[in-house]
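Some notes on the structure that comes next.
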Amino acid sequence: MSAPELSAAELAGRTGKNAPVVVDVREDWEWEAGHIAESVHIPLTELGPRLGELPGDRPIVVVCRSGARSQMAADAMANAGWDTANLAGGLLAWHAAGLPLESPGHVA
């Protein structure tokens, strides 16, 4: 099963009590360069053992730099029964859409 993708604009528009939890699976140095506000940082290599830290009652949107790593993670989570999606184009698309980053820096 392949998890669906959301555009940066679609993700930015999902707010309120049913807003998805954004899970950033990039490495520490990437996270520190800039990330989506209120996102949860769990590097891809740690995701499996740390899934229990995520709420099961809200959708999850997984993000990485370009959308490749996060698509793999979102697919695995969807196959395990999670309500998950991938941010199409990753943080590069988020940044290109002019959307804000917390601790902004060069998105690498």
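Data overview
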read-out	value
Residue match in segment 25-36 (condition: touching a residue at least 12 places away in the same chain (Cβ under 8 Å), in contact with a Leu (Cβ under 7 Å, 6 or more places away or on another chain) and over 17 Å from GLU102 (Cβ atoms))	no
Residue tally, condition within 13 Å of ASP24 (Cα to Cα) and either not in a strand (DSSP E or B) or not β-branched (Val, Ile, Thr) (or both), over segment 61-87	14
Residues of segment 20-39 satisfying the condition of being farther than 17 Å from SER66 by Cα and either of a type outside the set (A, V, I, L, M, F, W, C) or touching a helix residue (DSSP H, G or I) at 6+ places or on another chain (Cβ under 9 Å) (or both)	PRO20, GLU38
Hits in segment 35-48 (condition: assigned to a helix (DSSP H, G or I) and either small (Gly, Ala, Ser) or at pLDDT below 95 (or both))	GLY48
Filtered residues of segment 5-34 (kept if assigned to a loop (DSSP other than H, G, I, E, B) and exposed (fewer than 13 other Cβ atoms within 10 Å of the Cβ))	THR15, GLY16, LYS17, ASN18
Residue within segment 70-79 that is under 25 Å from LYS17 (Cα atoms), surrounded by fewer than 18 Cβ atoms within 10 Å (Cβ to Cβ) and small (Gly, Ala, Ser) present	no
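The values are calculated or read from the model by the stated rules, or taken from the named source; none is laboratory data. None of these values were measured; they are calculated from a predicted model. When we count neighbours, we look across all protein chains shown, and the Cβ atoms used for this are built from the backbone with ideal geometry, even at glycine.
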